[in-house]
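Step one of this worksheet: look at the structure below.
Just so it is clear, none of the values below were taken in a lab; they were calculated from the coordinates. Since the structure is predicted, the reported quantities are computational estimates derived from the model, not experimental observations. Ideal geometry is used to build each Cβ from the backbone, glycine not excepted, and the neighbour counts take in all protein chains shown.
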Amino acid sequence: MMRDLRTRLVGAAVLGSYPLLVVAALWPRPWLFLVFCVVSYAAEIAARRGARQLIDLLSQVHLGVTLRFVIREMTAVLLVARTVGPESPWFIALAAGLFLMHGMRAAQTWLAISYNRTLSRLPALTRNLDAVRIPAPPRDILVNYHGMRFLYLDVLPVGGAALGAVLGTGHQGAAGAAIALVLELAGALALLPHLRRVRPLRDASGVLKAVDERLSAYRPEVVLYFSGPNDSAYQATMWLRPLEGIDRRAVVVLRERDMLRMLGETSLPVVCIPSAADLMGFGALGTARVCLYPANVGKNIHMLRIRGLRGVFVGHGDSDKEASFNPFTKVYDEVWVAGQAGRDRYVRAQVGVRDENVYEVGRPQLSGVRTDGPGLPYRTVLYAPTWEGWTDDLFHTSIITMGPGIVRLLLAHSPELRVIYKPHPLTGYRNPAARRAHQRIHALLEGRELSRSMARHPAGTARPAARRPGGSVRPAAGDPAGTARSRRIGHQTVNGPKPSLYDCFNQADLLITDISSVVADFIASGKPYMVTNVSGMPERLFRERYPSSEAGYLLNEDLAELPVVLQALEHDAEDLLAGTRRKLKTYLLGPDLDAMTRFNDAVNGAYDRAPARGGGIR
């Protein structure tokens, strides 16, 4: 609500300042004009920073930013005409200067667009592969915002005109226009050498040939292929470390340019080839015999059409969600799952995946998950909900109906309880309600929604809702010996890739999550977890449908079970499901063997099963 009010105020300031400028110029009232100028510029800056919808709406009704700036410049010309007269040479100089300014700004913007277009149309981009050398970029102000920053240089002639009118002179506006014109000319000249340096990159065939030759020398044997929106980069990133440890030479192939910078750190060569035609004709992949797919996306078809490349679906986590037994998965030669549970899902689902094509390979990503707690003098609860899914049929997230309530109850339970909130990277991607709930949880952890009033537990017992000092979202580093235990422990909201989900596992004594791969991964720690029952399904049916919940404490929408589990956690009460978790761990993740060894053997096995490459398209 506060954000909407702010947007309305900014919109009123943007639209209202221009008529006021016209009135102040024609009256004329130089001091008022000067004040309205300050308001106008401030409103434009505020709108660009926090009211993008307003900016887009103004453009749709033909009141775009360039027109608005021209209107403000026109009012400055009117002010000079009304104060020193249209016959004044300063009036003529200001009008001519503004005209030349826009011409030079357009030239500088055209150069910036040409530079950006050269880079955005590269047929291939690389990391850790010295093939495409992109020269050092120009300063950000020269190439970003499509010339917007240079558009703001009109503050010099407009402000100068206002100041000249106040002082009763007239030359300040023309002087401001001259200075702005020189600065724009300098910006255009500064871009010329950069355009000359990137000119060789316009040769698309030459760039592709250079990348092809460099990667061919590497002779890749295994490909990790990935395509998707920026927020899904974690799905490929989780496989980078395991692939760095295998015997075979691996390469990462991406399809979206932005994904190249979103992908996590790796020592593997990374190639981005946006065009399907360029990909299917890319000869450097001719030595590879295995292709691993972390996600089911439409662009997978481009790689699947290459003959002799054994397609293996590795996914991005085993879970009881429908995504873990997608019918599309039958297009791959092999499907890799962590343990017996993954195999059984495909058998039950009957989506066309043949049992002999399913291989149990473990979860190499979990090698760093510890089985002990963080060792802090207070308990830590990790809330890691899944996202809302691509359709309502895949809706397993608790964040909308239960999320704020869970966090509110955790904060009210005890000042000695630490809370870590790690949402799914795609939270709010499809459903605005999920995005709003996510923002509410942020506000709770920052202390903006906590009050001194009583926060009532679902079971009916009331406790005072403790506040966090300062509203920081940074985690407490720990309570040294002798520190007062009564203070509020710090909380943490983790939105980016770091710390990773597995690092959060190691910081947690208890996990609260939804039906997702988080359950199967966390069970490697052996620590207790709670699974949300978003659908309100009877417990027996819920556990039958979602086997990974068997060793977890069930959390219904009324949250009545949460205080009970928290009390048991604080008092080190008997963990009734510990034995069940040990059994379930083997079922979900396979035997307790070295995960990297199993994964390496799986890659070698797939490589040996792949036919000799004959090339061509399927």
**Report entry** Cβ-placed point charges (K, R +1; D, E -1), dipole of region 490-618 about Cα centre in debye, nearest 20
**Finding:** 840 debye
Query - Protection-proxy order for peptides 277-284, 500-507, each taking the mean of Cβ atoms within 10 Å per residue, highest first - result: 500-507, 277-284
Query raised in the report: Relative contact order, percent, of the chain when contacts are C-alpha pairs under 8 Å separated by at least 6 residues?
Result: 12 percent
Query raised in the report: With axes computed from alpha carbons, what is the tilt in degrees of helix 2-26 against the longest principal axis of the chain, rounded to the nearest 10 within 0 to 90?
Result: 10 degrees
Query raised in the report: Pairs Lys422/Lys527; Lys422/Lys583; Lys330/Lys583; Lys527/Lys583; Lys422/Lys498: which exceed 22 Å Cα-Cα?
Result: Lys422/Lys583; Lys330/Lys583
Report task. Based on the mean of other Cβ atoms within 10 Å per residue, sort peptides 110-116, 223-229 so the most packed one is first. Result -> 223-229, 110-116
Report summary line: Lys and Arg at +1, Asp and Glu at -1: neighbours of Met238 with Cβ under 15 Å from its Cβ sum to -2
Report task. Specify the angular offset, from 0 to 90 degrees and rounded to the nearest 10, of the alpha carbon long axis of helix 30-50 from the longest principal axis of the alpha carbons in the chain. Result -> 20 degrees
Requested in this report: Measure off 7 Å from each Cα along the Cα-to-Cβ vector at Trp390 and Val38, then give the distance between these two points in nanometres to one decimal.
Outcome: 5.4 nm
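What size of dipole, in debye to the nearest 20, comes out for region 219-362 about its Cα centre when the only charges are +1 on Lys and Arg C-beta atoms and -1 on Asp and Glu C-beta atoms? Please report the intermediate quantities before stating the final value.
Details: 18 positive and 17 negative charges, 85 e Å.
Approximately 400 debye in magnitude.
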Report summary line: Tilt, helix 561-570 to longest principal axis of the chain (alpha-carbon atoms), in degrees rounded to tens, equals 80 degrees
**Report entry** Net charge of Cβ neighbours under 10 Å - reference Val494; Lys, Arg +1; Asp, Glu -1
**Finding:** +1
**Report entry** Packing rank of 61-74, 565-578, where each peptide gets the mean count of other beta carbons within 10 Å, highest leading
**Finding:** 61-74, 565-578
